[in-house]
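Engineer: If you scroll down you'll find the structure; I have some questions about it.
The values are calculated or read from the model by the stated rules, or taken from the named source; none is laboratory data. Treat the numbers as computed from the prediction; the structure is a model and nothing was measured. Here the Cβ positions follow ideal geometry from the backbone for every residue, glycine too, while neighbour counts run over all protein chains shown.
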Amino acid sequence: MGSVSGRACLVTGAAQGIGRAIGEALLDEGADVCFADINGAKAAEVAKMNHGRAEAGGGRVLSAPVDVTDRGQVRDMIARTADTFGRLDVKFNNAGVNKPMNFLDVTEDNWRYIMDVNGLGVLIGMQEAARQMIAQGGGGKIINTASIASRQGFDNVAPYCASKWAVVSLTQSGARDLARHDITVTGFAPGVVATEMWEEVDRDLMAIGASDRPGQAMEEFSADILKGRVAEPADITGTTTFLASAASDYMTGQIVMIDGGMTLV
């Protein structure tokens, strides 16, 4: 039996990258998983591709389209998950965006775009997941995706850094409030991970003159990683599955760094 067998899990931002890897790792350990993403068609494709994995692990798979900044859509996604799986045990608030701009060029639109998804989206996701968990009884787990940027600021991604600091604060606030309902709130902070988002960030940094060639940004960001290499999504999922499992039941309000030793705190 897998470490999360029978647990009903929901992962946002799950059509690619870290989110997809989180969902697939949960399926391998026996969970029921809903892959949710603003790109509903891609989320549905990922879910379809993982039917065999779900069957092998003993779980079920589902997909849902969602804009995490729209409370109505978040409620619909959670209701669909709970209706299909019978309840919601674990909610990963993983959806996130970044759009690098040089510090003095950051605009109100850039700030709002990033903060709405990475900050407000996490708040709404936590609130609506908690309401479902409270209504059904039995507690639950809420797990938020932070970043190394939640521990220090970087000059070309200031709104992103601010949004991930917000994730840490929301995790702590939620942990304090929801403990009485037997709901734990934790998070994890990846470092440099080879995903589609990093490829897009690399292109954006070149566009604003912050780097000169493809791959330069990742090389510079990862130069101080003690493990000597950037992470793959699979490097993250051992921790995320642990956070979703009973093994982490006594943890709440904490952010686990998974950065290969890039940021020592």
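Engineer: May I ask you to list the residues in the stretch 234-263 that are more than 16 Å from Ala146 (Cβ to Cβ), in a loop (DSSP other than H, G, I, E, B) and not aromatic (Phe, Trp, Tyr)?
Structural biologist: Ser245, Asp249, Gly261
Engineer: For the stretch 48-66: of the residues being over 17 Å from the mean Cα position of the chain (by Cα) and under 15 Å from Thr81 (Cα atoms), which is surrounded by the fewest Cβ atoms within 10 Å (Cβ to Cβ)? Give the steps one after another, and end with the answer.
Structural biologist: Filtering the stretch 48-66 for residues over 17 Å from the mean Cα position of the chain (by Cα) gives 48-62.
Those left that are additionally under 15 Å from Thr81 (Cα atoms): 59-62.
Values: Gly59: 25, Arg60: 17, Val61: 25, Leu62: 21.
Among residues in the stretch 48-66 that are over 17 Å from the mean Cα position of the chain (by Cα) and under 15 Å from Thr81 (Cα atoms), the one surrounded by the fewest Cβ atoms within 10 Å (Cβ to Cβ) is Arg60.
Engineer: Among the residues in the stretch 102-121, are any in contact with a helix residue (DSSP H, G or I) (Cβ under 9 Å, 6 or more places away or on another chain), surrounded by 22 or more Cβ atoms within 10 Å (Cβ to Cβ) and of a type in the set (Lys, Arg)?
Structural biologist: There is no residue in the stretch 102-121 that is in contact with a helix residue (DSSP H, G or I) (Cβ under 9 Å, 6 or more places away or on another chain), surrounded by 22 or more Cβ atoms within 10 Å (Cβ to Cβ) and of a type in the set (Lys, Arg).
Engineer: Among Ala246, Ala207, which is the only one that is surrounded by fewer than 13 Cβ atoms within 10 Å (Cβ to Cβ), of a type in the set (A, V, I, L, M, F, W, C) and more than 20 Å from Arg7 (Cα to Cα)? I'd like the intermediate steps shown before the answer.
Structural biologist: Values: Ala246 fails: more than 20 Å from Arg7 (Cα to Cα).
Matching residue, one of Ala246, Ala207: Ala207.
Engineer: Another question about this same structure. If I filter the stretch 138-169 down to residues being surrounded by fewer than 24 Cβ atoms within 10 Å (Cβ to Cβ) and assigned to a loop (DSSP other than H, G, I, E, B), which single residue comes out as nearest to the chain's Cα centre (by Cα)?
Structural biologist: Looking at residues that are surrounded by fewer than 24 Cβ atoms within 10 Å (Cβ to Cβ) and assigned to a loop (DSSP other than H, G, I, E, B), I get Arg151.
Engineer: Turning to a different aspect of this structure: State whether one or more residues within the stretch 190-205 are modelled with pLDDT of 95 or more, within 16 Å of the chain's Cα centre (by Cα) and within 19 Å of Ala95 (Cβ to Cβ). Quick ask: steps written out before the conclusion?
Structural biologist: Step one: list which residues in the stretch 190-205 are modelled with pLDDT of 95 or more, which gives 190.
Checking the rest, the ones that are also within 16 Å of the chain's Cα centre (by Cα) come to 190.
From what is left, the residues that are within 19 Å of Ala95 (Cβ to Cβ) are 190.
Yes, some residue in the stretch 190-205 is modelled with pLDDT of 95 or more, within 16 Å of the chain's Cα centre (by Cα) and within 19 Å of Ala95 (Cβ to Cβ).
Engineer: Give me the pairs, please: first residue somewhere in the stretch 243-265 and of a type in the set (Val, Ile, Thr) and at pLDDT below 95, second residue anywhere and surrounded by fewer than 17 Cβ atoms within 10 Å (Cβ to Cβ) and assigned to a loop (DSSP other than H, G, I, E, B), beta-carbon distance under 8 Å, and either six or more positions apart or on two chains.
Structural biologist: Between residues of the stretch 243-265 that are of a type in the set (Val, Ile, Thr) and at pLDDT below 95 and residues that are surrounded by fewer than 17 Cβ atoms within 10 Å (Cβ to Cβ) and assigned to a loop (DSSP other than H, G, I, E, B), the close pairs are Thr263/Gln152.
Engineer: Pull up the stretch 214-242, narrow it to residues that are aliphatic (A, V, I, L, M) and without any contact (Cβ under 8 Å) to a residue 40 or more places away in the chain, then point me to the one that is surrounded by the most Cβ atoms within 10 Å (Cβ to Cβ).
Structural biologist: Ala217
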